[in-house]
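The values are calculated or read from the model by the stated rules, or taken from the named source; none is laboratory data. Model, not experiment: these values are computed from the prediction. Quick reminder, even Gly has a Cβ in these numbers, built from the backbone with ideal geometry, and neighbours come from all protein chains shown. Side chains are part of the model used for accessible areas, which takes the heavy atoms of the whole protein and leaves out ligands, DNA and RNA. Shrake-Rupley method; radii C 1.70, N 1.55, O 1.52, S 1.80 Å.
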Amino acid sequence: GNAEDGGGSNDDPDAELEDLLTSEENDEVTFSVERGNVAFACAADGWAFRTDLFAEMYASKLGCSSKALRKGLWGDWYYHPKSKRIVGKKAAGGKLKPLFVQCILDPIWKLYQAAEAEKHGYPPEGKDLASMAAALKVDVPDKDIQSKDRKYALNAILRAWIPLSPAILEMVAHCLPSPAQSAPHRVFRLMPPPTLKAELAPADATELAASRRAVGSCNNVEGSPTAAFVSKMLAVPASAVQGLQGVSATDTIFMGFGRVYSGILREGDTMYVINGAYDPSTPEDGACQEIVIQELYLMMGQGMFRVKEVPAGNILAIGGLDQYVLKSATLSSTRMCGPFGNMMFQVAPIVKVAVEPESVTDMPALVEGLRLLNRSDAFVEVSLMETGEHVIAAAGEVHLERCIADLRERFARVALKVSPPLVSFREGISKSGTAEATTSNGLLTIRATVSPLPVYIPRVIEESAESLKQILLSRHNKQVDEDAVQTLVTEILSRLRSSREAASTENEGSEGIIEATLSSAWALGPKQVGPNMMSIGKMLDGAGGEVIRPLGKPSVGMAFGFSANSTQATGDHRFTEGSKNSFVDFSDPMVVAGIEGSVLTGFQMSTDRGPLCDEPLFGVNVKLEANSNAAADGGGDGDNGVGEEQYGPFSGQVISAAREAIRQAVLKAGPRLVEAMYLSVITTTSESLGGTYSVLGRRRAKVISESIREGTGVFIIHSYLPVATSFGFADELRHISSGASNAQLMLSHWEHLDIDPFFKPKTEEEREEFGEDGDVGPNIARQLVDATRRRKGLKVEETIVKVATKQRTLSRKA
């Protein structure tokens, strides 16, 4: 009831609380108990709750509105029994329990305490479990309450009172937007405008736009275009599927797990299976297959139940797609529908192992098992190396263990040999370097200059690969949505600028470094969207001669909206009319186009395989100069003097020269290995700090911060851990701390290993510290490079016989 207040304040007992929390109502905190998007749960015992449930329960009892009580049930708010008001910490005077403890935790703890007491055969301090179950008015069978296993009785009461599944489902329904509400905001990400090679007929263009509008409005009106996205092929035991005939219960079948985004999907509908490379302007290119929907299932826990139709907005499983869908695909009722965007993952598959059967006769079973694993896991990558090895790439150690277990127990069902983990690296540089290479016929010399990009540019480029594809392809596609592309451009530029500000660059003139770098960018590599850049170069009339014309066009800069000013790269030169060399005429557009195309190919090849250990380059800016050699010795008269009969096609010679020049320039620019880094978050106690730091030190981790959780004595350590040293990290950490330390790993970024793999001591101090040949102490970078080269079958420079006179007796015991 309401209590009168001598000060003549508001009669409403929760007025003070509502006044104090007014400013918090508009607080856009990501997770907040008051907003209802946080649940407290115990998965092991099967219960969960949000404060909303208890606010409704106690509102009438305490004389408060449920809205105010929902806020008061979290934080420093207390119920004053004399005034029957909700008061703050000051008014409580340290004598009252917080509402969250008094109204929620205490009843739960009393149930646990009663169960513990009854388990050991002594009477509980308060009511017993049966009395509390009656007071809570929960529907629990008497046989469960009277069970001899008091833990079972406790779980039965808790699951009936505050069940886990409804709490989570209600939170999802209340806190997340419905499919109809969210569709307009995410249609651009879900279904980006397709890249068209040809112009569509007006009727087809209208149909294509209508199918995209239907997805954007989650339209399920009868007759509207039907579109669904299958995101994963699930491997399901046949026993879990209702009404399945002709299949053994022990068999595994594949179901397409997906969602209907527009229209109504029915059994018997004719649909088109569209893969990610589909172009609506060329529907007959094999990327679109016609099928008839045979089986639709509603997924309920571990079971699957047959249904006749599924309207837009719902999740479903589709049977009969084994022959048509590998990992993911778009289903559409019309050919004029763009494919849904590729699945986005926050990490890359960087941990690899090679697998082979213990018995050679099991190889067919392994190949079939790998095919099934590749289909069932949307993230795993299965490949066949040039050496004939079957390689599985996963996101991390735990994911890899799960994949190997699935392969061994479910898919291949054969004994396997698994190699040590193969970790991916990148190759970078620490300074600028220059090198030259000449074509085999001597007519063209290519001079490559490489320099390191600012560290934040390659990171943003690599994270934005999908967006960059759309931006760079939009220049060749007139029907693409220009506003959508401009949104992507603005987004990437803003990320670059914010990353530059976060890097706190001290160099003068760093304000315009992004614009200057991108405006002269000709291409990205490898794979046209990689973290390396080629700037516009020059075409010279002989070494040190006049600049005839720029080499390349600022294609990347123009795609980002920067002016096409090639003089930034070539300098303020007046371009001459042509070359004195009659064989390579830089004034001929056909010759120039051929050279530029070959140089681009050479750039892509060199960035895909670096000189250290054939790993992709990272963060390298390349600038080329092409010099025509007037006095070169050409070939015979039959091939226009370019020596094609003797040395092969001139375009191939240019590709080889460009690739070799870039590789040699990288070797002269202080090459460095670039390794992937995990962000490691370790939770530990003060007693285990020493052991935790010793494990981090042995694995070359860089500690970023250490903090203590107030009032608990728990320390939280943030560090960067190289992926190459992360294998067995969690197990070693638990072992050395007796289980007190727990680590969470998440792929963070690529980082240069600042050790020269070719280090040789030069100064007297270096010789004293590292030895005459630099062999005192391990060169970690050289070890990693050699291990990678050895694994790939490349040449490794190592001394096999170290001390010839002692070699005979090395193995003898003293």
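Points to keep in mind about this one:
- Qualifying residue in segment 64-77 (condition: part of a helix (DSSP H, G or I), farther than 11 Å from residue 99 by Cα, open to solvent by 30 Å² or more (accessible area, probe 1.4 Å) and among the basic types (Lys, Arg)): yes
- Looking across segment 711-724 at every residue that is closer than 30 Å to residue 752 by Cα and over 21 Å from the mean Cα position of the chain (by Cα), the one that is least open to solvent (accessible area, probe 1.4 Å) is identified as 717.
- Which numbered condition residue 183 misses (of (1) more than 22 Å from residue 295 (Cα to Cα); (2) surrounded by fewer than 16 Cβ atoms within 10 Å (Cβ to Cβ)): (2)
- Number of residues in segment 661-684 that are within 26 Å of residue 350 (Cα to Cα) and surrounded by fewer than 19 Cβ atoms within 10 Å (Cβ to Cβ) equals 5.
- Here the helices (runs of 4 or more DSSP H) wholly within segment 702-799 that include at least 1 residues being in contact with a helix residue (DSSP H, G or I) (Cβ under 6 Å, 6 or more places away or on another chain) are 729-736.
- Selection within segment 664-680 - among the polar types (S, T, N, Q) and touching a Ser or Thr at 6+ places or on another chain (Cβ under 8 Å): 680
- Some residue of segment 725-739 being within 23 Å of residue 617 (Cβ to Cβ), open to solvent by 20 Å² or more (accessible area, probe 1.4 Å), of a type outside the set (Asp, Glu) and touching a strand residue (DSSP E or B) at 6+ places or on another chain (Cβ under 7 Å): no
- Of the set (1) on the phi > 0 side of the Ramachandran plot; (2) modelled with pLDDT of 90 or more, all apply to residue 717 but (1).
- Taking every residue in segment 724-738 that is in contact (Cβ under 8 Å) with a residue 12 or more places away in the chain and β-branched (Val, Ile, Thr) and pairing it with any residue that is in a loop (DSSP other than H, G, I, E, B) and surrounded by fewer than 17 Cβ atoms within 10 Å (Cβ to Cβ), at least 6 positions away or on another chain, the pairs with Cβ-Cβ distances below 7 Å are 725/700.
- Here residue 258 fulfils each of the conditions (1) crowded, with 16+ Cβ neighbours inside 10 Å; (2) closer than 24 Å to residue 184 by Cα; (3) out of contact with any Phe, Trp or Tyr (no Cβ under 6 Å at 6 or more places or on another chain) apart from (3).
- Residue in segment 91-112 that is open to solvent by 30 Å² or more (accessible area, probe 1.4 Å) and farther than 29 Å from residue 63 by Cβ present: yes
- Verdict on residue 645 being modelled with pLDDT under 80 and either open to solvent by 60 Å² or more (accessible area, probe 1.4 Å) or in contact with a Ser or Thr (Cβ under 9 Å, 6 or more places away or on another chain) (or both): yes
- Taking the criterion of being open to solvent by 20 Å² or more (accessible area, probe 1.4 Å) and in contact with a Pro (Cβ under 6 Å, 6 or more places away or on another chain), the only residue of segment 426-459 that qualifies is 426.
- Under the condition of being outside any loop (DSSP other than H, G, I, E, B) and closer than 27 Å to residue 343 by Cβ, the residues counted in segment 198-248 number 25.
- Some residue of segment 614-632 being modelled with pLDDT of 60 or more, basic (Lys, Arg), touching a Ser or Thr at 6+ places or on another chain (Cβ under 8 Å) and open to solvent by 50 Å² or more (accessible area, probe 1.4 Å): yes
- Of the residues 129, 111, 73, the single one that is touching a residue at least 12 places away in the same chain (Cβ under 8 Å) and touching a Phe, Trp or Tyr at 6+ places or on another chain (Cβ under 6 Å) is 73.
- Selection within segment 398-425 - open to solvent by 50 Å² or more (accessible area, probe 1.4 Å) and outside any loop (DSSP other than H, G, I, E, B): 398, 401, 402, 408, 409, 410, 417, 418
- Contacts under 7 angstrom Cβ, first residue in segment 517-529 being closer than 15 Å to residue 453 by Cα and free of Cβ contacts under 8 Å to residues at least 12 places away in the same chain, partner open to solvent by 10 Å² or more (accessible area, probe 1.4 Å) and among the hydrophobic types (A, V, I, L, M, F, W, C), 6 or more apart: none
- Those strands (runs of 3 or more DSSP E) of segment 288-396 in which at least 3 residues are closer than 30 Å to residue 464 by Cα and either at pLDDT below 90 or open to solvent by less than 30 Å² (accessible area, probe 1.4 Å) (or both), considering only elements entirely within it, cover 329-332, 351-357, 381-384, 390-394.
- When the criteria are applied in full, residue 284 meets the requirement of being assigned to a loop (DSSP other than H, G, I, E, B), open to solvent by 20 Å² or more (accessible area, probe 1.4 Å), over 19 Å from residue 179 (Cα atoms) and acidic (Asp, Glu).
- All positions within segment 217-235 that are of a type outside the set (Ser, Thr, Tyr), at pLDDT below 90 and within 24 Å of residue 179 (Cβ to Cβ): 218, 219, 220, 221, 222, 223, 232, 233, 234
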